[in-house]
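Participant: Please find one structure pasted underneath; my questions will follow.
The values are calculated or read from the model by the stated rules, or taken from the named source; none is laboratory data. None of the values given here were measured: they were computed from a predicted structure. Ideal geometry is used to build each Cβ from the backbone, glycine not excepted, and the neighbour counts take in all protein chains shown.
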């Protein structure tokens, strides 16, 4: 062996050990940064797996925590077969066991206005049931749509929608969360209509779930709507077309407005959902990490 060979080997090994420790620490820091990012995925993104019987709400929560390393969930009520207290307490236990925040409870079949009076009443009961569910589950925000199938609301429709959302907002506020509409179908998908609704409800318990780019109108109007709504946004849904397109611009609108909610991805294909969602989450995380390192 060459002179100093043993010492040289020892030094190289020590250097390698130091490098490995540094890499391990860097990876740990990277994982910790990912965990601390306010990112989530709407369970609707896995409705294909749900329909095939391959996922339920408990599997979804496991996926959030251990497949994607998330700290928050975003539950679509299609994943909740019951609003009974006993069942909801099991879901709450599952959230707590995984140390997951429920960023949003996204409620379908509860829209305020429907032309059919019986459907309206059923939706009202469903909305109340899910507001109570939100309290049990510890939700930060609840999405309840305004409803209506035309481009605008009649006076009767609008008055009913405002009154109900005032009622819901007060209940939510009294129980520590917020409620609001989302710009993804009906009249609420037009910026001026949603603006009118927000200003008419005028309640600290009312906010907006923004489906980024989900507006109706010209391309220019959609871009402007995403910018103008940002100060009122409590939650987001980020579809594939946004993660593959103007993602940084859309997230910057929110950041510049002081957004404090979660950036939640939403997938629609019903195919290869685990992989496709992972891509969307990675793109959102990349933007947030880019901003963090730049600052």
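Participant: Among the residues of segment 164-183, are any farther than 30 Å from residue 86 by Cα and at pLDDT 95 or above?
Facilitator: Yes, that holds for at least one residue.
Participant: Looking only at helices (runs of 4 or more DSSP H) that lie completely in segment 53-147, which have at least 3 residues being under 30 Å from residue 196 (Cα atoms) and touching a residue at least 24 places away in the same chain (Cβ under 8 Å)?
Facilitator: Output list reads 117-137.
Participant: Follow-up. In segment 248-295, what count of residues is obtained for those that are touching a strand residue (DSSP E or B) at 6+ places or on another chain (Cβ under 9 Å) and closer than 16 Å to residue 74 by Cα?
Facilitator: Total satisfying the criteria: 12.
Participant: When residue 258 is evaluated against the numbered criteria (1) in a loop (DSSP other than H, G, I, E, B); (2) under 14 Å from the mean Cα position of the chain (by Cα), which criterion, by number, is the only one it fails?
Facilitator: The single condition residue 258 does not satisfy is (2).
Participant: Only one of (1) within 28 Å of residue 202 (Cβ to Cβ); (2) surrounded by fewer than 16 Cβ atoms within 10 Å (Cβ to Cβ) is not met by residue 262, so which one is it?
Facilitator: (2)
Participant: Next question. Condition test on residue 273, is it modelled with pLDDT of 95 or more and within 17 Å of the chain's Cα centre (by Cα)?
Facilitator: yes
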